[in-house]
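Read through the structure below, which is laid out as structure tokens, and then see the notes.
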Amino acid sequence: MIKLRDGSTTTDPRLTRIPWFDPKSWEYKVSDLFKPKANLRTRTWMCDKYLNQGPDGACTGFSTTHFLLAKPKPETQGMTAAFAKKEIYWEAQKIDPFPGGSYPGADNFMEGSTVLAAMKVAQRDGYIKEYRWAFGIEDVKKALSQIGPVVLGIPWYKDMFNVHPCGMLHPTGEKSGAHALLAKGIRVKRQTIVLHNSWGDGWGNEGTAEIHWDDLAYLLQRGGEACVPTKP
């Protein structure tokens with residue numbers, strides 16, 4: 001077991017997302033941006049790069065960077081694995097409320113950070129205009145249909161390491177930790193969400209997988225979160 005900065009544990013060094021909910025987030029609901037009475041529609045926000053975090057515990061930095069690389073308005077300069085680790089993940093560790101870190105000069109070497117801190121860093125540095133929160137699967141579906149990609153922080157279970165041959169991700173088995181990754185599409189007829197991971201193009205279907213709406217709802221209800229940034 002690997003101990004993270006908040007005292008939680010993980011069985012895999014890549015699963016270092018720490019849940020951290022600020023009550024102020026209730027004031028920034030993505031639902032305030034939805035078009036009234038708009039129907040769900042199948043949509044993909046393309047992201048052409050599949051950055052690989054390797055053994056580093058920098059999933060919050062990589063999921064945020066994949067958001068920056070995705071449509072609409074994809075960033076084209078400097079969005080590398082080094083950027084994800086050093087400019088987002090390490091900087092997020094410096095501003096979240098937990099001791100230690102993996103950045104040079106940290107008092108105690110420990111992995112882990114939060115989606116919220118990654119969003120704060122991205123906004124501070126001018127990469128995103130704002131970030132809002134999806135409270136439940138219906139918000140996630142509408143955000144992907146109307147606004148753009150969604151950064152997810154979700155519990156990760158043993159059977160999620162390997163995507164089923166049909167391309168689906170199933171949240172079964174023992175809990176292994178928590179992960180952050182990008183949701184970049186919605187398939188209305190299939191009732192699935194398209195996920196873009198940071199484990200390289202050898203994971204899943206060349207770096208992607210789909211998860212059923214009900215399964216993602218299950219993960220969100222068990223300590224998950226869904227953040228919807230917008231670009232300048």
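The values are calculated or read from the model by the stated rules, or taken from the named source; none is laboratory data. Remember, it's a predicted structure, so these values are computed and weren't measured experimentally. Ideal geometry is used to build each Cβ from the backbone, glycine not excepted, and the neighbour counts take in all protein chains shown. In case anyone asks, the SASA skips ligands and DNA or RNA and just uses the protein heavy atoms, side chains included. Shrake-Rupley method; radii C 1.70, N 1.55, O 1.52, S 1.80 Å.
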Under 30 Å from LYS142 (Cα atoms) and modelled with pLDDT under 95: is that true of GLU27 in this structure? no
Within the range 70-115, residues hydrophobic (A, V, I, L, M, F, W, C), in contact (Cβ under 8 Å) with a residue 12 or more places away in the chain and out of contact with any His (no Cβ under 9 Å at 6 or more places or on another chain) come out as ALA81, PHE83, ILE88, TRP90, ALA92, ILE95, PHE98, ALA106, MET110, VAL115
Only one of VAL228, VAL140 is in contact with a Pro (Cβ under 9 Å, 6 or more places away or on another chain), β-branched (Val, Ile, Thr) and modelled with pLDDT of 95 or more, namely VAL228
Filtering the range 103-116 down to residues that are more than 18 Å from the chain's Cα centre (by Cα) and either in a loop (DSSP other than H, G, I, E, B) or among the small types (Gly, Ala, Ser) (or both) yields TYR103, PRO104, GLY105, ALA106, ASP107, ASN108, MET110
Subset of the range 9-38, residues in contact with a Pro (Cβ under 8 Å, 6 or more places away or on another chain) and either open to solvent by 70 Å² or more (accessible area, probe 1.4 Å) or closer than 15 Å to THR114 by Cβ (or both), comes to TRP20
Of ASP139, ASP159, the only residue that is of a type outside the set (Phe, Trp, Tyr) and out of contact with any strand residue (DSSP E or B) (no Cβ under 9 Å at 6 or more places or on another chain) is ASP159
Inside the range 199-219, the number of residues satisfying the requirement of being out of contact with any Leu (no Cβ under 8 Å at 6 or more places or on another chain) and open to solvent by 10 Å² or more (accessible area, probe 1.4 Å) is 11
Note on the range 121-132: residues under 14 Å from the mean Cα position of the chain (by Cα) and either basic (Lys, Arg) or buried (at least 24 other Cβ atoms within 10 Å of the Cβ) (or both) are ALA122, ARG132
With criteria (1) assigned to a strand (DSSP E or B); (2) under 14 Å from VAL30 (Cα atoms), TRP156 comes up short on (2)
For the range 64-71, indicate whether the set of residues that are more than 24 Å from PRO19 (Cβ to Cβ), open to solvent by 40 Å² or more (accessible area, probe 1.4 Å) and not in a strand (DSSP E or B) is non-empty.
-> yes
Those residues of the range 159-198 which are part of a strand (DSSP E or B), open to solvent by 20 Å² or more (accessible area, probe 1.4 Å) and within 19 Å of ARG17 (Cα to Cα) amount to LYS175
Taking the range 85-102 and the residues there that are in a loop (DSSP other than H, G, I, E, B) and either polar (S, T, N, Q) or touching an Asp or Glu at 6+ places or on another chain (Cβ under 8 Å) (or both), the one that is surrounded by the fewest Cβ atoms within 10 Å (Cβ to Cβ) would be PRO99
Checked pairs for the range 157-171, first without any contact (Cβ under 8 Å) to a residue 60 or more places away in the chain and closer than 12 Å to GLU210 by Cβ, second open to solvent by 70 Å² or more (accessible area, probe 1.4 Å) and polar (S, T, N, Q), C-beta under 7 Å and 6 or more apart or across chains, list as VAL163/ASN205; GLY167/ASN205
